[in-house]
Structures are given as structure tokens and as C-alpha cells.
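Here's the structure, in C-alpha cells; my notes come after.
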Amino acid sequence: MATPVIMPRQGQSVESCILTEWKVAPGDQVEEGSVLAVIETDKASFDLESPVAGTVLDLFWEADDDVPVLANVTVIGDEGEDPSGFRPEMEVTPSGPAGDSTTSSVTAATSETSVTNPSVGTVASIVSAAEGSVAGVSPRARQLAMRTGFDPDSILGTGPGGRVIERDVQAALEGTPRLSASASALAREGGLEPPVHGGGLSGMALASDMREPGSIYGAEVVPVKGIRKVIADRMMQSLGNTAQLTLHTAFDVTAAQAFRKARKESGEPKVSLNDVISHALIHTLLRHPDLNAHFLGNRIARFEKVSLGIAVDTTRGLMVPVLSEACCLSLDSLSSGIRGLAEECREGTIQPDQLTGGTFTLTNLGMLGVEHFTPVLNVPEVAILGVGGISIRPVRGEAGEVNFVDSIALSLTMDHQAIDGAPAARFLKDLVETLENYSGDPAENEKGETSK
């Protein structure tokens, strides 16, 4: 009996998944647990496994389709079973791997086609891919070709039945190279295009010069899809729908480094500077709830607890896992939690629900040598903090002398729709003071802030 395989729901907030790659084809034999496809949800990647053993009867979607959760994506059964009853109702007759191996043929136009103003440097339009220039060359086209020393039989015609006419020769002379016989066949049958200058004699385009339409000479052209497409859309949404302003400052890392050294000497677990900054940031946010918020157009949601998003660089793209209620964690628990989330992102095992629910985001490029930068808001959050690398900064001492200290740049981007510059600056000032007097005990900083 045939068994449908559905697109699983990966988290309560996920309504659809991108089917990035099929690992099987119709007719393949699979075992229970065999990987059928790779799917992506928001920013995480997962394998779709077969629930039963049997034959892959049909594939209902193509790679890169955005598939609703719980929709049938394929069906496993006995060879010869009819899979049509399992096809999603929204699907019309699909093509490629999801449908028949043969598609209905398209009859090439053989009547006269009007083409005006062909673009300079482009291949002449193909009217009859099957016939090419078999229909011959018009007298005016041949005369122009003879005057310019051009072979009209090396180009594709746009006249009736593929006939080479004068404008085809003119377009070729204005930028498109002559095609060798094998290159002409690739252009007619494969839809390939020549470069501006071919590798043959006098610039003739050879078969090896032909390339896919839209390709760029000297560059690898890849489609924007999957996680990269999600990131691109979200970045444009962030910049297009918010009023972003970035404030820059820096803090002296002497106290933070001394704290880390004391922990190491006492045999306590190692913590990074990023852990220290995260810990100080979380407890500073509790004193500035305007920045621990979401801007929702006509209302602002201010959160009592901080759920910290940590930007993580992975081979699949930028991911922002969230450490829920991070303000309730000790420094050691915070450190291990951040490290665990980053590992899950890089290994591809992060769960979709762990990528949502953040109230504030921290992004650190210091380990890559970046001193300061302008982070982009992770909407609907109203603020994000960028952390740079360590640099030497001059500081005037109490006696007027100039000392040089190690410092780290902090860049706070906030949504000016939700918060003004002055309260954002006060938050940064408080954060700097907390870090420059860091002792690992947030209660001490809170008492100091209260007494001011």
C-alpha cells in the first residue's frame, strides 16, 4: 500500500519549508530512514527521511519550491501503484522530477515574426530552434555580409522559418561574434550564448566558448535561493521598514581581562570576552527595557526578561539562535548555552523554534579583525549590538598623562521609530561602565546604578 511522505512541521512558527534538493528520483528503491530530500526552514537545514521501505512512485515538488507544512511531497509504495491520488490539490501538472519524464512539445513558430531593435551584443532571437538558418539568407542580408566580410550562415535568423535577414547580420556586427558550426548547433539546440569575443580565429565563438544565458565572463554565477534568499529578503525588509541609527563607543577591557585571568588562576571554567560582554549586556538591558523590545508598527512590546539572539556564521549563511530568558542564567550557564547553540547551528542540528523569540541580538566580528561596524536590525527587535576587536586607544589619566589601553568598540543600532538617541546613548554609557567595572556579579552593578 502506498504511503505519502509529508513536509513535517519544524516548530510551531514554521508554515512552509524550502525543498532545496532531492536525493531520490521516481523508481528508486529506498529503505526506512533513507534520506529523500534536504529541506530548509528559515535558517536551518534538515534531512527528510522515508518512513517506510519501498519504491519512490512520484515527486510532487521541484527543488527550490516553498512547500507548505503537512503537504505531501512524495509517495512510497509498490512498483506500478498509481500515485495520482496523493498529489497535492494545489499542484497543476508539474514538470521536471515531479512529473512525467517527457513534457508536451512546444511547436516552434514558423510564421513571420516581427522583431524590432535587437539589443547590441546579444544573440539574434531564435524563431525556429529546430531549423536554424536552414531557411536561408535574404538578399539584403547576404549583401551586407559580403560587404563586411561576415559569414551569414554562422548566425541564427529571426525571419520567417529562421531565415537570416539584414537586422540579424547588423546585430551580429555590433557585438556578437561569429559562431563556428558546432557553436551554432549549441545555440540552436541548447539555448547557449556566446561571449562578446570568441576564442577562435578573428574572434569566432567556438563550442567551448558557449555558455548559459545570463552568465558573466570570468565569474561564477549562482542563483540566490534557500537560506541566502531568506537572508537577502530579511535584510531588505529590515532596512526598508525601520529608521536605523547607529551609535559608536568603546570600553577599556582591563577589568574584563583581569576577571578572566582570576577565574583561570582559581581553576574555574574558562569564559570568553564575548561571554563577559553578553553577561553585562543582559543585565544592563534589564535596567533599560526600552531597548529590550519589539517595534510592531502601532505598538511597542517591552519584555521583562531578556532572550538573547547570538549571530553565528555558518557554511549555510548567517543564523541567529536565541538563548531564551538568558537573564536567569549564571555566567557559566550563559557561556555553555551560547557555545552549544553555535555548535548546533554549524552542525545543522539547530531546531527552528530555537531561531525565534529573541528580544535583543548580539553580533561579534572582533575575532575576524573588524574594529567597528554598523549592524543591521533583526526586526522586529528595536536594537542590536555589534562588538569589534581589541585595539589600542589613548586615554588621559588623572594627572593629565596619556595612557594607552586595550579597548573594544561597541556599535549600537536602534530603530529611531521606537527609541530616541539620548536613551540609547544612556544605555551604551551604562553598558560601558558595567564592563569597565566588571566583577561577574550583576547585583553589584545594579546597586551602583541605583545609587547614582
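A few remarks follow.
- Yes/no for G386 being in contact with a Pro (Cβ under 6 Å, 6 or more places away or on another chain) and in the same structural domain as N292 (by TED's automatic domain parsing): yes
- Looking only at region 250-278, and only at residues there that are of a type in the set (S, T, N, Q) and buried (at least 16 other Cβ atoms within 10 Å of the Cβ), the one that is nearest to Q417 (Cα to Cα): S278
- Hits in region 264-296 - residues which are part of a helix (DSSP H, G or I) and without any contact (Cβ under 8 Å) to a residue 40 or more places away in the chain: K264, E265
- Within region 297-321, the set of residues being under 24 Å from the mean Cα position of the chain (by Cα) and assigned to a strand (DSSP E or B) comprises L308, G309, I310, V312, D313, T314, G317, L318, M319.
- Qualifying residues in region 295-319 (those that are in contact with a helix residue (DSSP H, G or I) (Cβ under 8 Å, 6 or more places away or on another chain) and among the β-branched types (V, I, T)) - the one surrounded by the most Cβ atoms within 10 Å (Cβ to Cβ): V306
- Failed criterion for R228 (all others in (1) modelled with pLDDT under 95; (2) out of contact with any Gly (no Cβ under 8 Å at 6 or more places or on another chain) hold): (2)
- Taken residue by residue, region 409-416 has at least one member that is farther than 24 Å from G369 by Cα, buried (at least 20 other Cβ atoms within 10 Å of the Cβ) and either modelled with pLDDT of 95 or more or among the aromatic types (F, W, Y) (or both).
A quick yes/no check of all residues on (1) modelled with pLDDT under 90; (2) not in a loop (DSSP other than H, G, I, E, B):
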{"position": "Q10", "(1), (2)": "yes, no"}
{"position": "C17", "(1), (2)": "yes, yes"}
{"position": "E21", "(1), (2)": "yes, yes"}
{"position": "G27", "(1), (2)": "no, no"}
{"position": "L36", "(1), (2)": "no, yes"}
{"position": "F46", "(1), (2)": "yes, yes"}
{"position": "L57", "(1), (2)": "no, yes"}
{"position": "E62", "(1), (2)": "yes, no"}
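- One residue stands out in region 65-83 among those that are closer than 21 Å to D28 by Cβ, modelled with pLDDT of 85 or more and not in a loop (DSSP other than H, G, I, E, B): the one that is nearest to the chain's Cα centre (by Cα), namely V67.
- Boolean, A250 is among the hydrophobic types (A, V, I, L, M, F, W, C) and either in a helix (DSSP H, G or I) or in contact with an Asp or Glu (Cβ under 6 Å, 6 or more places away or on another chain) (or both): no
- Selection of region 385-402 for residues being exposed (fewer than 11 other Cβ atoms within 10 Å of the Cβ), under 12 Å from D252 (Cα atoms) and of a type outside the set (A, V, I, L, M, F, W, C) yields only P394.
- All positions within region 17-41 that are crowded, with 17+ Cβ neighbours inside 10 Å, in contact (Cβ under 8 Å) with a residue 24 or more places away in the chain and among the small types (G, A, S): A37
The values are calculated or read from the model by the stated rules, or taken from the named source; none is laboratory data. Note that the coordinates shown come from a computational prediction; the quantities given were computed from them, not determined experimentally. Neighbour counts are summed over all protein chains in view; Cβ atoms, including those assigned to glycine, are modelled from backbone coordinates with ideal geometry.
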